[in-house]
Amino acid sequence: MQASISLLHQLSDLNIPSYPSVTGLRQPVSVGSLAWFFWALVWGGVLLVSFTGWGRFAGKILRVQRLPASVACTVGIAVIIFLGGLLNLLNAIYALVIFVLVAMGLLLYLLLRKERPEAYRWGIFWRQSSSAARVLVIAMLLILAYRVAGTVRLAHFDVADDSAIYLSLPQKTLSTHHFARDQFSERRNTSSLGGSSLLQNFVLSTTSLSNIAMADRTVGL
């Protein structure tokens with residue numbers, strides 16, 4: 001018991017350097033950094049549109065009534081995760097395969113534009129709204145855009161948690177082409193089947209690790 005207490009005192013007195021920031025050192029705003037920021041935003045929007053296309057495709061196959069974009073996007077994410085599970089069994093999770101899935105979703109979105117419910121068409125809503133409602137809609141869209149813009153770059157990293165493994169899993173999946181079992185992470189094996197890592201792969205396929213939070217806080221939001 002004395003040895004354990006002594007060991008605890010030694011560990012508490014260690015001067016362990018802080019974990020390096022995932023986002024890197026702070027850099028001044030430049031044309032390059034702004035271009036990267038807007039590209040990350042554009043890619044997040046492309047993913048949302050692609051997922052919406054997949055969702056409307058699933059709704060049409062199941063003969064479900066026309067889905068608004070928000071519901072279709074949610075269904076599309078579920079479809080993508082299902083397809084990702086099949087790709088995982090085949091060890092076929094490659095960046096190229098992700099691009100193909102995104103492109104197919106965009107094509108489906110264009111082909112199924114008529115599946116939008118009439119009541120959810122922005123043009124009709126805008127023409128029928130009062131001036132106060134239009135101002136409110138613009139204000140809410142600006143707030144949403146500000147909120148999304150603030151989530152593009154990972155701003156918080158909990159060094160006391162096991163977050164490090166969750167940062168490495170998406171890149172490990174892209175490198176090994178499947179969501180590999182990790183015997184050193186019991187929590188990950190018992191609480192996740194790889195769905196979140198798959199969505200993070202969609203973000204990381206064209207961006208960097210500093211943009212990984214977009215999977216939850218941009219696409220998810």
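The values are calculated or read from the model by the stated rules, or taken from the named source; none is laboratory data. Please read all numbers here as calculations on a predicted model, not as lab measurements. No Cβ is skipped: glycine too gets one built from the backbone with ideal geometry, and neighbour counts run over all protein chains shown. Keep in mind that these areas ignore ligands, DNA and RNA; they rest on the heavy atoms of the full protein, side chains included. Shrake-Rupley method; radii C 1.70, N 1.55, O 1.52, S 1.80 Å.
If you check every pair at least six apart or on different chains, which have Cβ atoms under 8 Å apart with a residue in the stretch 29-47 that is free of Cβ contacts under 8 Å to residues at least 12 places away in the same chain and over 27 Å from LEU107 (Cβ atoms) first and a residue that is polar (S, T, N, Q) and surrounded by fewer than 17 Cβ atoms within 10 Å (Cβ to Cβ) second?
Listed pairs, sorted by first residue: SER33/GLN27.
Filter the stretch 202-221 for residues that are assigned to a helix (DSSP H, G or I) and in contact with a Ser or Thr (Cβ under 6 Å, 6 or more places away or on another chain); which is most open to solvent (accessible area, probe 1.4 Å)? Walk me through how you get there before you give the answer.
From the stretch 202-221, those assigned to a helix (DSSP H, G or I) are 202-204, 209-211, 214-217; that's our starting set.
Add one more test, that the residue is in contact with a Ser or Thr (Cβ under 6 Å, 6 or more places away or on another chain), and what stays is 210, 217.
Numbers: SER210: 12, ARG217: 105 Å².
The residue in question is ARG217.
I'd like the residue in the stretch 132-148 that is β-branched (Val, Ile, Thr) and surrounded by 12 or more Cβ atoms within 10 Å (Cβ to Cβ) and, out of all such residues, is farthest from ARG217 (Cα to Cα). Full working, then the answer.
Just the residues of the stretch 132-148 that are β-branched (Val, Ile, Thr), to begin with: 135, 137-138, 143, 148.
Next, from what is left, pick out any that are surrounded by 12 or more Cβ atoms within 10 Å (Cβ to Cβ): 137, 148.
Numbers: VAL137: 21, VAL148: 7 Å.
Per the criteria, the residue is VAL137.
May I ask you to list pairs of residues, at least six apart or on different chains, whose Cβ atoms are under 7 Å apart, with the first in the stretch 132-155 being modelled with pLDDT of 85 or more and the second being assigned to a helix (DSSP H, G or I) and loosely packed, with under 14 Cβ neighbours inside 10 Å?
The qualifying pairs are ARG134/TRP126.
Of all residues in the stretch 156-181, how many are open to solvent by 80 Å² or more (accessible area, probe 1.4 Å) and modelled with pLDDT under 85? Walk me through it before giving the result.
Kept after step one, since they are open to solvent by 80 Å² or more (accessible area, probe 1.4 Å), are these residues of the stretch 156-181: 156, 159-160, 171, 175, 181.
In the following step, the residues that additionally are modelled with pLDDT under 85 were identified as 156, 159-160, 171, 181.
Here the count works out to 5.
Do we have LEU86 as surrounded by 12 or more Cβ atoms within 10 Å (Cβ to Cβ), assigned to a helix (DSSP H, G or I) and at pLDDT 85 or above here?
In short, no.
Out of (1) more than 22 Å from GLN200 (Cα to Cα); (2) hydrophobic (A, V, I, L, M, F, W, C); (3) at pLDDT 80 or above; (4) surrounded by 10 or more Cβ atoms within 10 Å (Cβ to Cβ), the odd one out for VAL31 is which?
Of the numbered conditions (1) more than 22 Å from GLN200 (Cα to Cα); (2) hydrophobic (A, V, I, L, M, F, W, C); (3) at pLDDT 80 or above; (4) surrounded by 10 or more Cβ atoms within 10 Å (Cβ to Cβ), the odd one out for VAL31 is (4).
I'd like the full set of residues that are farther than 16 Å from VAL203 by Cβ, buried (at least 20 other Cβ atoms within 10 Å of the Cβ) and not hydroxyl-bearing (Ser, Thr, Tyr), limited to the stretch 89-111.
Within the stretch 89-111, just LEU108 meets the criteria.
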